[in-house]
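Chemist: Pasting a structure here, questions to come.
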Amino acid sequence: MKVVAFMGSPKKEGNTATLLNQFLNGVKESGENVDVKNIYLKENKISPCMACNYCKREGKCIQNDDMQNLYEVFKEADILVFATPIYWWSMSAQLKTFIDRTYALSEEDRKGKKAYLIMTYGGEAPNLGPELTKKTFEEIFDYVGIEYLGSYGVCTDDYMPVKENTKALEEIYTIGKNIIK
Ligand SMILES: Cc1cc2nc3c(=O)[nH]c(=O)nc-3n(C[C@H](O)[C@H](O)[C@H](O)COP(=O)(O)O)c2cc1C
């Protein structure tokens, strides 16, 4: 069982990274035979999709950047985890650029995959940002035939960064621990 996380925050030790790492700790300690990869998208060179449709004609993306490797990482995964801070009611630019480039993948490449979404955001409820982002991912997963396993989001306003949010850290750990059962 392979679990691959795509970490969409530019901050390697920020809220989103902390929440995702705790989720992955749970996955690793699930007692299952699991291989976990965590891809920090910012460290990868991923150019925006050019909508040239070369991929639809030739079966592969024409852009020779780090996505060529990430396509293979994506294909090998059984469970995909997408982690993002909410930026302007949506996902981060790093994650959106990555998602756009998965346009080059085929139905076969995504077959049998499951996905989980992790979000952090500054605004307390009611906050449409995480709701819209969750809906966006639900629509994408439904459209491309990936099974949606659920999502977890946490508010990180100034007085409660994730690393101090014991409740969130416990909850996300438990979710990670049970995700492949
Ligand atoms: C450019 C930018 C836009 C943001 N937009 C929103 C937003 O629309 N809604 C919200 O609740 N928080 C917003 N935030 C707050 C972040 O989502 C929040 O601080 C998040 O936990 C940051 O995660 P990180 O520590 O991984 O960077 C924004 C932050 C930045 C830098």
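Chemist: Could you list all residues from segment 137-170 that are in contact (Cβ under 8 Å) with a residue 12 or more places away in the chain, part of a helix (DSSP H, G or I) and closer than 16 Å to V81 by Cα?
Modeler: Across segment 137-170, the qualifying residues are F137, I140, F141, V144.
Chemist: Pick from L105, L80: which is touching a residue at least 60 places away in the same chain (Cβ under 8 Å), more than 16 Å from the ligand (Cβ to nearest atom) and closer than 21 Å to Y143 by Cβ?
Modeler: Step by step, each of L105, L80 is checked, and only L80 is touching a residue at least 60 places away in the same chain (Cβ under 8 Å), more than 16 Å from the ligand (Cβ to nearest atom) and closer than 21 Å to Y143 by Cβ.
Chemist: Another one. Do we have any residue at all in segment 47-66 that's within 15 Å of the ligand (Cβ to nearest atom), hydrophobic (A, V, I, L, M, F, W, C) and on the phi < 0 side of the Ramachandran plot?
Modeler: no
Chemist: Turning to a different aspect of this structure: Kindly indicate the residue of segment 108-124 that is surrounded by fewer than 17 Cβ atoms within 10 Å (Cβ to Cβ) and under 26 Å from D35 (Cβ atoms) and also nearest to the ligand (Cβ to nearest atom) among those meeting that condition.
Modeler: Only one residue fits best here, namely D109.
Chemist: Within segment 125-181, can you find the residues that are under 16 Å from the mean Cα position of the chain (by Cα), of a type in the set (K, R) and loosely packed, with under 13 Cβ neighbours inside 10 Å?
Modeler: Hit for segment 125-181 is K135, nothing else.
Chemist: Which numbered condition in (1) open to solvent by less than 60 Å² (accessible area, probe 1.4 Å); (2) over 14 Å from T136 (Cβ atoms); (3) among the aliphatic types (A, V, I, L, M) is the only one that I62 fails?
Modeler: Failed condition: (1).
Chemist: For segment 1-41, name all the residues that are within 13 Å of the ligand (Cβ to nearest atom), loosely packed, with under 15 Cβ neighbours inside 10 Å and not in a loop (DSSP other than H, G, I, E, B).
Modeler: Result: no residue meets the conditions.
Chemist: With the requirement that a residue be open to solvent by less than 60 Å² (accessible area, probe 1.4 Å) and of a type in the set (K, R), what does segment 70-107 give you?
Modeler: Across segment 70-107, the qualifying residue is only R101.
Chemist: Of (1) within 28 Å of C52 (Cα to Cα); (2) of a type in the set (D, E, K, R); (3) part of a loop (DSSP other than H, G, I, E, B), K75 satisfies all except one. Which?
Modeler: Of (1) within 28 Å of C52 (Cα to Cα); (2) of a type in the set (D, E, K, R); (3) part of a loop (DSSP other than H, G, I, E, B), only one is false for K75: (3).
Chemist: Now for a different question. If you go through segment 125-142 one residue at a time, how many are within 9 Å of the ligand (Cβ to nearest atom) and aliphatic (A, V, I, L, M)?
Modeler: 1
Chemist: Go through (1) out of contact with any helix residue (DSSP H, G or I) (no Cβ under 6 Å at 6 or more places or on another chain); (2) at positive phi one by one and return the number of the condition W89 breaks.
Modeler: (1) is the only condition that W89 fails.
The values are calculated or read from the model by the stated rules, or taken from the named source; none is laboratory data. Being a predicted model, the structure only gives us computed values, none of them experimental. Here Cβ is always computed from backbone atoms with ideal geometry, including for glycine, and neighbour counts include all displayed protein chains. With ligands, DNA and RNA removed, areas are computed over all heavy atoms of the protein, side chains included. Shrake-Rupley method; radii C 1.70, N 1.55, O 1.52, S 1.80 Å.
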